[in-house]
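The values are calculated or read from the model by the stated rules, or taken from the named source; none is laboratory data. Quantities reported herein were computed from a predicted structural model and do not represent experimental measurements. When we count neighbours, we look across all protein chains shown, and the Cβ atoms used for this are built from the backbone with ideal geometry, even at glycine.
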Amino acid sequence: MFSHLDSWEVGLIVLLIAVPIALFGAIEMVGRINREKARKLAQRNKVAELEARRNARDGRR
């Protein structure tokens, strides 16, 4: 199939296929990391809010 192509042409085709796949993988990995950070931050905020409510409730007693 590729017998009529030079090696640099085959390399270019491989790059044209591999680069978008690698970019998509990198973007997906960054997105996953950001979602995990956001989840941890939301959990931390939730815990802080619960502690603040508890402290306010205990302060009124």
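Okay, residues lined up against (1) at pLDDT 90 or above; (2) among the polar types (S, T, N, Q):
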position	(1), (2)
Leu5	no, no
Ala18	yes, no
Ala22	yes, no
Met29	yes, no
Asn34	yes, yes
Lys46	yes, no
Glu49	yes, no
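Is there a residue in segment 12-27 that is touching an Asp or Glu at 6+ places or on another chain (Cβ under 9 Å), surrounded by fewer than 10 Cβ atoms within 10 Å (Cβ to Cβ) and free of Cβ contacts under 8 Å to residues at least 24 places away in the same chain? Within segment 12-27, not a single residue is touching an Asp or Glu at 6+ places or on another chain (Cβ under 9 Å), surrounded by fewer than 10 Cβ atoms within 10 Å (Cβ to Cβ) and free of Cβ contacts under 8 Å to residues at least 24 places away in the same chain. Taking the criterion of being of a type outside the set (A, V, I, L, M, F, W, C), surrounded by 10 or more Cβ atoms within 10 Å (Cβ to Cβ) and part of a helix (DSSP H, G or I), would at least one residue in segment 1-8 satisfy it? The answer is no; no qualifying residue exists.
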